Number of protein chains: 2
Amino acid sequence: MSASPSPIQKNVQAASETHSASFTKGHLALPPAKKYLVLTCMDARIDPAKAFGIELGDAHVIRNAGASTRDALRSIVISEQLLGTQEIVLVKHTGCGMLTFTNDDAYGLVDKNLGPEATAELKSRNVDFLPFSDLEQAIKVDIKYLQDTKLVPDSVTISGWIYEVETGRTRRVV
Amino acid sequence: MSASPSPIQKNVQAASETHSASFTKGHLALPPAKKYLVLTCMDARIDPAKAFGIELGDAHVIRNAGASTRDALRSIVISEQLLGTQEIVLVKHTGCGMLTFTNDDAYGLVDKNLGPEATAELKSRNVDFLPFSDLEQAIKVDIKYLQDTKLVPDSVTISGWIYEVETGRTRRVV
């Protein structure tokens, strides 16, 4: 641990003081009370609790680049099989960074910025960055992935949504 | 899309109405304004924006079961190489579900609940659920993973924290 915290680290410490001073939810149980999970993008413009109406303790929230169901499979299986969730709310969003590049672009950037050892590591891990070129289509493909895998039973309720970063609205598409 | 929305789907729709009615942040840029990312667990008892002081638009938020850096690597590389983040705040938490089971337990549950085809799929994908038995040690192992991979340059600032679900406090450990 370095002696001098960064501004971002100081911000976490300050938030901890403020948040814990008025915290009253220390009694919540581990399993999500409303037995669902939300899978959405890591995008900085999304606050899932506010935008999707999630009360503390009610739902798992999984976030990755692009809200990929494939990338989230490990977490989804744990959520369902070990912690009892039975419904998946998948939310991708307008203006997603995943619409702006291809795997070749990303591989090229890694090579340029981080060098050949990093590129070799990407290739040896066979990394797919999972970009997409059409938002609604990407939601359909991702939901089909959940329907096709045997690791998500047919009894799980699944819906697909688009969050509009311009308006704050969430609209259902699947 | 089924004709009758579930209670959870109705809740998303209601939240959309409320949230968009007072939404004033439609102008935010795609890249995180404060150039950092927070990686934390999907646990239902964590609200990262409130607990860690994240303003809308400031940071990527990646969440998976246990806040695994290995599982998050694809998203971390995209965040840094395509969207310019330069600092990682890793937060695991007390009472994590990942402390309560082993890979054998999870494989057994999948087999019991979903049957041999699901187990065969787990094995063919070589799924590691990435559970851990010691919280502080898991943070150290996960940070070492970031330090060892060539896909995260040494210039990235990394810190490791524990969020206490009982008190709402976040304390730094690495």
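Computed from the coordinates by the stated procedures, all read-outs in this text should not be read as laboratory data. It should be emphasised that the depicted structure is a prediction, and the values quoted were computed from it without experimental measurement. Please note: Cβ atoms are built from the backbone with ideal geometry, for glycine as well, and neighbour counts cover all protein chains shown.
Which of (1) assigned to a loop (DSSP other than H, G, I, E, B); (2) facing chain A (nearest Cβ under 7 Å) is the odd one out, the single condition B:Ala15 does not satisfy? It fails just one condition, (1). Among the residues of segment B:18-37, those identified as closer than 28 Å to A:Lys25 by Cα and either in contact (Cβ under 8 Å) with a residue 24 or more places away in the chain or facing chain A (nearest Cβ under 7 Å) (or both) are B:His19, B:Ser20, B:Phe23, B:Tyr36, B:Leu37.
For residues in segment A:38-60 being outside any loop (DSSP other than H, G, I, E, B) and more than 7 Å from chain B (Cβ to nearest Cβ), which is nearest to B:Lys25 (Cα to Cα)? Residue satisfying both the conditions and the ranking: A:Pro48.
Could you go through segment A:64-84 and let me know if any residue there is farther than 18 Å from A:Asp128 by Cα, within 13 Å of the chain's Cα centre (by Cα), of a type in the set (D, E, K, R) and outside any strand (DSSP E or B). No: segment A:64-84 contains no residue that is farther than 18 Å from A:Asp128 by Cα, within 13 Å of the chain's Cα centre (by Cα), of a type in the set (D, E, K, R) and outside any strand (DSSP E or B). Scanning segment A:150-172 for residues that are surrounded by fewer than 20 Cβ atoms within 10 Å (Cβ to Cβ) and of a type in the set (Ser, Thr, Tyr) gives A:Ser155, A:Thr157, A:Thr167. In segment A:94-107, the qualifying residues are those that are outside any helix (DSSP H, G or I) and more than 8 Å from chain B (Cβ to nearest Cβ), and the one that is surrounded by the most Cβ atoms within 10 Å (Cβ to Cβ) is A:Cys96. Filtering A:Val91, A:Val110 for residues that are touching a helix residue (DSSP H, G or I) at 6+ places or on another chain (Cβ under 7 Å), within 23 Å of A:Gly53 (Cα to Cα), among the hydrophobic types (A, V, I, L, M, F, W, C) and buried (at least 16 other Cβ atoms within 10 Å of the Cβ) leaves a single hit, A:Val91. The residue list B:Ala138, B:Ala118 contains one member that is over 30 Å from A:Leu28 (Cα atoms) and either within 8 Å of chain A (Cβ to nearest Cβ) or crowded, with 20+ Cβ neighbours inside 10 Å (or both), which is B:Ala118.
For B:Ser68, the conditions (1) at the interface with another protein chain (Cβ under 7 Å from one of its Cβ atoms); (2) touching a residue at least 60 places away in the same chain (Cβ under 8 Å) are fulfilled apart from (1).
The condition (being at negative phi, basic (Lys, Arg) and surrounded by fewer than 21 Cβ atoms within 10 Å (Cβ to Cβ)) is satisfied by just one residue among B:Arg70, B:Arg45, B:Arg74, B:Arg63: B:Arg70. Taking the criterion of being closer than 26 Å to A:Ala106 by Cα, among the aliphatic types (A, V, I, L, M) and either assigned to a loop (DSSP other than H, G, I, E, B) or without any contact (Cβ under 8 Å) to a residue 12 or more places away in the chain (or both), the residues of segment A:119-174 that qualify are A:Ala120, A:Val127, A:Leu130, A:Val141, A:Val165.
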